[in-house]
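Student: Here you go, one structure.
The values are calculated or read from the model by the stated rules, or taken from the named source; none is laboratory data. Keep in mind that this is a model prediction, so the values were computed, not measured. Here the Cβ positions follow ideal geometry from the backbone for every residue, glycine too, while neighbour counts run over all protein chains shown. Each accessible area value is taken on the protein alone, full model and side chains, heavy atoms only, with ligands, DNA and RNA left out. Shrake-Rupley method; radii C 1.70, N 1.55, O 1.52, S 1.80 Å.
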Amino acid sequence: MRASTSGDTGPGWDRWYDRLLVLVPWLLLPASTAIALTQPGRTSRDHAITLGLVGATAGWVYLGHTRVPPDRRRTLPTLIYFAGLLTFSVALMARDVIFLLFAITGFLHAYHLRPWPLGAAGVLGTSVVINTMATETPAATVQSLGTYLGVIVIQTVAISAGIVLAERSAEQHERRQQLVARLEAALEENAGLHAQLLAQAREAGVRDERQRMAGEIHDSLAQGLTGIITQVQAAQRVWHSPTPAREHVDRAREHVDRALALARESLDEARRSVQALQPRQLEAAHLPAALGELARRWADDTGIALRFEVTGEQVALSPAIDVTLLRVAQEALHNVARHADASRVGLTLSYLTDVVLLDIRDDGQGMSGGSDQGFGLRSMVQRVRSVGGAMEIESGPGEGTAISVRVPAIPTVAA
């Protein structure tokens, strides 16, 4: 049970008991008054005095209890009310012992006194008032005094035990309420965090997908379109060169055929990017063969000498590792063709014990703006980091460029 305070809401039993405490004096006081007024041998003056005391008692109960239920956290006002209640009970019982019925209210309203020793003292005071006023003054014998004190002690202990249990129950109920409030707050906080995490996960998923698509478009479509443009420009130069017409047609057709093949490959790669499939070159061949085909075709398309080497014992790697190294090689060779103005390029794939190395070196004009220029280089670095690898770029004006990639040698079975 809990303290009865203004605006307090508790379980059904608490509310019922609080209403009972409010109702009891208004049942017992009128009943006692009605019986007292019907007693024979009483004069009008006696009745007037009795009614005056009853009115004063009713006013005290209304102002001290009914109008504003006592707040157990405010000990002094509750103690003053209870002392007045006992005083009026003594006065009424002095007029007529039947007001013992109303005096029982003290046992119930002692429940408002806190801490529990005050409640027990209130019960003791009520018991003393009732047993003293309702009986004749006990004779000075051991038996009579024992009976008198025994009744008071038994009443006090029995009723005070209920007050103590009620206070313990109130404390437990308060702790449960606090625990429930903390749990509800934690659940609300967790719900908010969960919603925030979901939103962040969706945003991260969107960013990752956009980044993946951007990388795939750059690695496949952009490079394919660049190759197509290169072949078309070569065909245009053939048409304007001073050679026989038949030779014009043959040489131009060769460039146009290459441009058409690149267009088809770019379309296939675009579809694969949308479906998140691995590159075509890795479908029927392992990484060394795919890199060898890439090197041969790149050299044919650009006319730049390219030397490709594979060292170490070849291992079937995780598809993610294969795709990363292939895409990095494509981007690096694409940059060489567009920016390096190189005459020789070296491409080396090295299988070591627990790592795989990919080196791309050229003798071109190098880079003067550092190693973080453009989307292509950033995409390469991100790809390598996504598989737990690292990439280094060494370059200087007129000194060529060297790109070294180091990734873990994760075999297919382990992946």
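Student: Taking the range 177-201, which residues are under 30 Å from TRP116 (Cβ atoms), open to solvent by 90 Å² or more (accessible area, probe 1.4 Å) and aliphatic (A, V, I, L, M)?
Tutor: LEU183
Student: Also, I was wondering about something else. Out of ILE49, ILE80, report the one residue that is closer than 30 Å to ARG168 by Cα, of a type in the set (Val, Ile, Thr) and loosely packed, with under 15 Cβ neighbours inside 10 Å. I'd like the intermediate steps shown before the answer.
Tutor: On the way: ILE49 fails: closer than 30 Å to ARG168 by Cα.
Every option except ILE80 fails the conditions.
Student: Consider the range 123-152. How many of its residues are more than 17 Å from THR87 (Cα to Cα), outside any loop (DSSP other than H, G, I, E, B), open to solvent by 20 Å² or more (accessible area, probe 1.4 Å) and in contact (Cβ under 8 Å) with a residue 12 or more places away in the chain?
Tutor: So in the range 123-152, the residues more than 17 Å from THR87 (Cα to Cα) come out as 135-152.
Those left that are additionally outside any loop (DSSP other than H, G, I, E, B): 142-152.
Those left that are additionally open to solvent by 20 Å² or more (accessible area, probe 1.4 Å): 142-151.
Next cut, in contact (Cβ under 8 Å) with a residue 12 or more places away in the chain only: 148, 151.
So the count comes out to 2.
Student: Hey, another quick one. Does the range 35-49 include one or more residues that are modelled with pLDDT of 90 or more and basic (Lys, Arg)?
Tutor: yes
Student: While we're on this one: Is it the case, given these coordinates, that LEU76 is in a helix (DSSP H, G or I), in contact (Cβ under 8 Å) with a residue 12 or more places away in the chain, out of contact with any strand residue (DSSP E or B) (no Cβ under 8 Å at 6 or more places or on another chain) and not hydroxyl-bearing (Ser, Thr, Tyr)? I'd like the intermediate steps shown before the answer.
Tutor: Working: in a helix (DSSP H, G or I): yes; in contact (Cβ under 8 Å) with a residue 12 or more places away in the chain: no; out of contact with any strand residue (DSSP E or B) (no Cβ under 8 Å at 6 or more places or on another chain): yes; not hydroxyl-bearing (Ser, Thr, Tyr): yes.
Taking the combined requirement at face value, the residue does not satisfy it.
Student: Given the conditions (1) open to solvent by 70 Å² or more (accessible area, probe 1.4 Å); (2) outside any helix (DSSP H, G or I), and given that THR87 satisfies all but one, which numbered condition is not satisfied?
Tutor: So THR87 meets the others, but not (2).
Student: Which pairs have Cβ atoms under 9 Å, sit 6 or more apart or on different chains, and link a residue in the range 153-176 that is free of Cβ contacts under 8 Å to residues at least 24 places away in the same chain and surrounded by fewer than 14 Cβ atoms within 10 Å (Cβ to Cβ) to one that is outside any helix (DSSP H, G or I) and of a type in the set (A, V, I, L, M)?
Tutor: LEU165/MET1
Student: Could you tell me whether GLU216 is surrounded by 10 or more Cβ atoms within 10 Å (Cβ to Cβ), among the acidic types (Asp, Glu), assigned to a helix (DSSP H, G or I) and modelled with pLDDT under 70?
Tutor: Against the criterion (surrounded by 10 or more Cβ atoms within 10 Å (Cβ to Cβ), among the acidic types (Asp, Glu), assigned to a helix (DSSP H, G or I) and modelled with pLDDT under 70), GLU216 qualifies.
Student: Taking the condition of being in a helix (DSSP H, G or I) and either in contact with a helix residue (DSSP H, G or I) (Cβ under 6 Å, 6 or more places away or on another chain) or open to solvent by less than 50 Å² (accessible area, probe 1.4 Å) (or both), how many residues in the range 101-122 meet it? It would help to see each step written out before you state the result.
Tutor: Pass one, the range 101-122, residues in a helix (DSSP H, G or I): 101-103, 105-112, 116-122.
Cutting the leftovers down to either in contact with a helix residue (DSSP H, G or I) (Cβ under 6 Å, 6 or more places away or on another chain) or open to solvent by less than 50 Å² (accessible area, probe 1.4 Å) (or both) gives us 101-103, 105-112, 116, 119-120, 122.
Residues meeting the conditions: 15.
Student: Has the range 308-328 got at least one residue that is among the aromatic types (Phe, Trp, Tyr) and either touching a strand residue (DSSP E or B) at 6+ places or on another chain (Cβ under 6 Å) or on the phi > 0 side of the Ramachandran plot (or both)? Walk me through how you get there before you give the answer.
Tutor: Taking the range 308-328 first, the residues among the aromatic types (Phe, Trp, Tyr) are 308.
Those still in the list that are either touching a strand residue (DSSP E or B) at 6+ places or on another chain (Cβ under 6 Å) or on the phi > 0 side of the Ramachandran plot (or both) too: 308.
The answer is yes; a qualifying residue exists.
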